[in-house]
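What follows is one structure encoded as structure tokens, with my remarks underneath.
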Amino acid sequence: MQSLLAPSVLSADFAKIAEEVKLVEIAGADIIHLDVMDGHFVPNITFGPKMVSDIKRITDLPLDVHLMITEPEKYISGFAKAGADWISVHYETAVHLNRLIHQIKDNGCKAGVVLNPATSVEVLDEVLRITDFVLLMSVNPGFGGQKFIESSLAKVRRVKEKIAAAGSKTFIEMDGGIGIENLKAIKDAGVDVFVCGNSIFGAKDSAAAVKEMKKILNS
Ligand code: DX5
Ligand code: ZN
């Protein structure tokens, strides 16, 4: 599939979120990544469905909601109603992962399974055929601006092999520490969707960063 760039608003200025999102949309971003954190699963707190519905009103791009919360099953329909197009849940938060994936799909969204850096790709075996995408964390979740964990590249290759063996259409998203300097290597490893927070919204010119990244991804 074509590479997709997903700016993460975690590093944007929440006081002018509409402007920030519009800038990256006009510059060529493909999807908006929204990090939901609860202060339990990860040591940080962000926002809930209201932020998702407010952003939905001001952009035509699909919304990619990354749930870093315990008991995600309680909130999936709320985020779907708020306008999420993709919803991903952490393997580490799921008691009944199969049921969760079906719940996301039944709510009309693409379903993703997220793995923390320390979680083995082997846990995907029983769900790969029903999962729309796998989101591999390349930093420990909770904060923007962290350093990319290099062993994530080998992990992508292992997931790629599993997807091929299962004959599934699952695509791979990667999140954390991605920027202009490592985009090409991550693409070459087999990633389809690139989440970038600090390297876009922390840049002097976020639109220029998006354009530069899209150029690399399309080359
Ligand atoms: C981290 C979040 C990421 C974050 C990435 O827990 O899931 O989406 O925004 O930020 P950067 O690109 O700055 O590492
Ligand atoms: Zn994220």
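The values are calculated or read from the model by the stated rules, or taken from the named source; none is laboratory data. Keep in mind that what you see is a predicted model, and the values were worked out from it rather than measured. With ideal geometry, Cβ positions are generated from the backbone for all residues, glycine too; neighbour counts draw on all protein chains shown.
Quick look at the numbers
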item	result
So GLY142, is it under 16 Å from the mean Cα position of the chain (by Cα) and in a loop (DSSP other than H, G, I, E, B)	yes
Number of positions in region 58-90 that are more than 16 Å from the chain's Cα centre (by Cα) and not in a loop (DSSP other than H, G, I, E, B)	7
Selection status of LYS160, within 16 Å of ligand 2 (Cβ to nearest atom), more than 20 Å from ASP64 (Cβ to Cβ) and either of a type outside the set (A, V, I, L, M) or modelled with pLDDT under 95 (or both)	no
Selection within region 89-142 - out of contact with any helix residue (DSSP H, G or I) (no Cβ under 9 Å at 6 or more places or on another chain) and surrounded by 15 or more Cβ atoms within 10 Å (Cβ to Cβ)	GLU92, PHE133, LEU135, PRO141, GLY142
Breaking point among (1) touching an Asp or Glu at 6+ places or on another chain (Cβ under 6 Å); (2) more than 12 Å from ligand 1 (Cβ to nearest atom), for VAL193	(2)
Cross-chain or 6+ apart pairs with Cβ under 7 Å, region 170-182 first and more than 23 Å from LEU124 (Cβ to Cβ), then of a type in the set (A, V, I, L, M) and buried (at least 21 other Cβ atoms within 10 Å of the Cβ)	ILE180/MET213
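The rows are residues; the columns are (1) farther than 20 Å from LEU97 by Cα; (2) out of contact with any Cys (no Cβ under 9 Å at 6 or more places or on another chain); (3) more than 16 Å from ligand 2 (Cβ to nearest atom).
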| site | (1), (2), (3) |
| --- | --- |
| VAL127 | no, yes, yes |
| GLY144 | yes, yes, no |
| PHE148 | yes, yes, no |
| LEU183 | yes, no, yes |
| ALA203 | yes, yes, yes |
| SER219 | yes, yes, yes |
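Rundown of residues vs (1) farther than 24 Å from ASP205 by Cα; (2) within 15 Å of ligand 2 (Cβ to nearest atom); (3) touching a residue at least 12 places away in the same chain (Cβ under 8 Å); (4) not aliphatic (A, V, I, L, M), yes/no style:
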{"site": "SER3", "(1), (2), (3), (4)": "no, no, yes, yes"}
{"site": "SER8", "(1), (2), (3), (4)": "no, yes, yes, yes"}
{"site": "ALA15", "(1), (2), (3), (4)": "no, no, no, no"}
{"site": "GLU25", "(1), (2), (3), (4)": "no, no, yes, yes"}
{"site": "HIS33", "(1), (2), (3), (4)": "no, yes, yes, yes"}
{"site": "ILE45", "(1), (2), (3), (4)": "yes, yes, no, no"}
{"site": "ASP64", "(1), (2), (3), (4)": "no, yes, yes, yes"}
{"site": "ILE87", "(1), (2), (3), (4)": "yes, yes, yes, no"}
